[in-house]
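Enquirer: One structure, as structure tokens, below. Some questions next.
The values are calculated or read from the model by the stated rules, or taken from the named source; none is laboratory data. Just so it is clear, the model here is predicted, and its values are computed rather than measured. Here the Cβ is made from the backbone with ideal geometry for all residues, glycine too, and neighbour counts use every protein chain on show. For the accessible areas, the whole protein counts, side chains as well, though only heavy atoms, and no ligand, DNA or RNA atoms are used. Shrake-Rupley method; radii C 1.70, N 1.55, O 1.52, S 1.80 Å.
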Amino acid sequence: MFNQDTICALATAQGIGAIGVIRVSGPETFPIVNRIFKGKNLEKQLSHTIHFGTIRDNQTIIDEVLVSLFKAPSSYTREDTIEISCHGSDFIIQKILKLILREGARLANPGEFTQRAFLNGQLDLAQAEAVADLIASDSEASHQTAINQIRGGFSKQIAQLREALIHFASLIELELDFGEEEVEFADRDDLRQLIFKIQQVLIPLIDSFEMGNVIKNGVPTVIAGKPNAGKSTLLNRLLNEEKAIVSDIAGTTRDVIEDELFIEGIRFRLIDTAGLRKTTDTIEAIGVERTLQQMDKASLIVYLFDASEIQLTEIAQQITEFNAPYILVGNKVDKLSATQKAEFEATYPDILWISASENKNIDTLKDTLVRKVKTREIKSGDTVVTNLRHYQHLLQTNGALENVLEGLAQSVTGDFLAQDIRFALHHLGEITGQITTDDLLANIFSKFCIGK
Ligand code: GDP
């Protein structure tokens, strides 16, 4: 055990609720709670049992509570832990916390329970970070990836790769001990094969980051098009609410409006923009400038045009300026004849025809949005990297492995190989927390809320 303090905190959200749960963890947990609890003698009860009783300040009853007992190491923190479920009033909760403090515990720092779980070997770092993601998850997909990560899918793979590499590192280090003598314990072909195998795991993980990022942070999606194409109408339609001003006067959408739309658990951060056109109006010019900035940040562009009004050449010119995947959407299909549609389709067979105002084909557009994002089908259970820190270490690892391969190709000496392998091992270890600095830990755990 690293920590001798007994800590306590409210584990449920602050504010009035039906119940509040106070968590106490550390070596003095049982004696401390026992002194303020009237009911059975908690120190004599079995782990994983729940008991009814009262919390008392001397003779005054504060609340009737249930206490759940977890004895080390069978608890989240692997320390003795008690969870007190009391009535969810701020007054009662404060009163009970104060009693626990008076009996010798201290208030937990943000994330300290999870930090202890990590330090006591219950979770590795990737799992602990996933706890933070889980608490923050607000869509089905982000919840699923966080759960998978906590259950260790991601970390296990990394740990196995690291094992295999350590084996080779030690063989090569052994060669170095022999100095001048030309010995090769580490078979170079086997090493090359191992690196290929590692990369087969590493590269999909690296690739998954883009998808993971989508899940965690959403897809910035710009709805672009000339004024009056129907962008605001479409945005309203998608969001089912009157967020943007719809008007008949060209160029009325002056500012950038951002909103969120969840389709099949994926979060689209929809950005409506001032119309794309050259303008002399200064306020509108600012809007157009912002549109261009937003377009740069977009991962997906919905290019909307009014087919009754636009020339094919305008579309051609516009799409050369996009540097993200785009969907060509022809709006106001209600105004078009079949021949007009056919003309456009001859050049752009992929056009999706909709009517924003008449709610035609909006569901097809939603499906298309999802399909564009799901370049790689994520099945539940698939490993997805969502954390920037992990992603960076994976990249570093892969870079080091590339160096090893290059070194092998050029038959460099063992000490050069050893250096790159050590580098790769270091970065893999950073992900699971086998190698960490105190600063990094403090940084990661400070992002948690108190009580987690
Ligand atoms: P924006 O400038 O691109 O944001 O365009 P708006 O959403 O303000 O729409 C411009 C005009 O086109 C408004 O009068 C809308 O009612 C109209 N409009 C939008 N969608 C359709 C559609 O599908 N069919 C028809 N006929 N008119 C539409």
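Enquirer: Can you name every residue in segment 216-238 that is at pLDDT 80 or above and either more than 10 Å from the ligand (Cβ to nearest atom) or on the phi > 0 side of the Ramachandran plot (or both)?
Expert: If the condition is that a residue be at pLDDT 80 or above and either more than 10 Å from the ligand (Cβ to nearest atom) or on the phi > 0 side of the Ramachandran plot (or both), then Val219, Pro220, Thr221, Val222, Gly225, Asn228, Gly230, Leu238 are the ones that fit.
Enquirer: Here's something else I'd like to know. Does Phe91 satisfy the criteria of being outside any strand (DSSP E or B), without any contact (Cβ under 8 Å) to a residue 40 or more places away in the chain and open to solvent by 10 Å² or more (accessible area, probe 1.4 Å)?
Expert: Details: outside any strand (DSSP E or B): yes; without any contact (Cβ under 8 Å) to a residue 40 or more places away in the chain: yes; open to solvent by 10 Å² or more (accessible area, probe 1.4 Å): yes.
The answer is yes for Phe91.
Enquirer: Could you identify the single residue in Ile22, Ile62 that is open to solvent by less than 20 Å² (accessible area, probe 1.4 Å), outside any loop (DSSP other than H, G, I, E, B) and β-branched (Val, Ile, Thr)?
Expert: Working: Ile62 fails: open to solvent by less than 20 Å² (accessible area, probe 1.4 Å).
Sole residue among the options that is open to solvent by less than 20 Å² (accessible area, probe 1.4 Å), outside any loop (DSSP other than H, G, I, E, B) and β-branched (Val, Ile, Thr): Ile22.
Enquirer: OK, next. Just checking, does segment 317-332 include any residue being within 15 Å of the ligand (Cβ to nearest atom) and free of Cβ contacts under 8 Å to residues at least 12 places away in the same chain?
Expert: No, there is no match, as no residue in segment 317-332 is within 15 Å of the ligand (Cβ to nearest atom) and free of Cβ contacts under 8 Å to residues at least 12 places away in the same chain.
Enquirer: Which members of segment 177-199 meet the condition of being open to solvent by 60 Å² or more (accessible area, probe 1.4 Å) and at pLDDT below 85? Steps first, answer last, please.
Expert: Our first condition is that a residue be open to solvent by 60 Å² or more (accessible area, probe 1.4 Å); within segment 177-199, this holds for 177-178, 180-182, 184-185, 187, 189-190, 192-193, 196-197.
If the condition is that a residue be open to solvent by 60 Å² or more (accessible area, probe 1.4 Å) and at pLDDT below 85, then Asp177, Phe178, Glu180, Glu181, Glu182, Glu184, Phe185, Asp187 are the ones that fit.
Enquirer: I'm told Ala146 meets every condition in (1) at pLDDT 70 or above; (2) assigned to a helix (DSSP H, G or I) except one. Can you identify the failing condition by its number?
Expert: Failing condition for Ala146: (1).
Enquirer: On to the next question. Criterion first (assigned to a helix (DSSP H, G or I), at pLDDT below 90 and closer than 30 Å to Leu176 by Cβ) does Leu394 satisfy it? Lay out the reasoning, then the answer.
Expert: Working: assigned to a helix (DSSP H, G or I): yes; at pLDDT below 90: yes; closer than 30 Å to Leu176 by Cβ: yes.
Yes; evaluated as a whole, the condition is true for this residue.
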